[in-house]
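Everything below concerns the one structure shown next.
The values are calculated or read from the model by the stated rules, or taken from the named source; none is laboratory data. Fair warning: this is a prediction, and the values are worked out from it, not measured in the lab. Cβ sites come from the backbone with ideal geometry, for glycine too, and all protein chains shown count toward neighbours.
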Amino acid sequence: GTFSGITLACNQRSEAEVDRVLEQAEAAGARILKPAERVFWGGYSGYFADPDGHVWEVAYNPGWTIAEDGSLTVA
């Protein structure tokens with residue numbers, strides 16, 4: 001069917017971190033909806049559904065800097 005909800009996004013510092021988060025999610029019972037890949041806007045992104053059915057995007061955006069404290073700087 002067609003998706004009509006929202007997704008929650010979890011931004012990471014690198015493509016490798018995106019892959020790691022997706023692997024951890026799957027190991028914890030999530031269903032991978034779309035494996036991570038390079039996307040049209042220049043980043044790297046994949047999607048999973050958690051056991052409750054919530055859809056999450058895990059993404060890396062090379063134009064964003066994520067500090068150690070989690071704060072975000074958009075270039």
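Tabulated values for the structure
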| item | result |
| --- | --- |
| Some residue of segment 63-70 being modelled with pLDDT of 95 or more and either part of a strand (DSSP E or B) or within 11 Å of the chain's Cα centre (by Cα) (or both) | no |
| Counted residues, segment 17-45 - those being at positive phi and touching a Cys at 6+ places or on another chain (Cβ under 9 Å) | 0 |
| Residue in segment 36-62 that is surrounded by the most Cβ atoms within 10 Å (Cβ to Cβ), counting only those that are of a type in the set (D, E, K, R) and within 13 Å of the chain's Cα centre (by Cα) | Glu57 |
| Residue identified as part of a helix (DSSP H, G or I) and surrounded by 11 or more Cβ atoms within 10 Å (Cβ to Cβ) among Leu33, Leu22 | Leu22 |
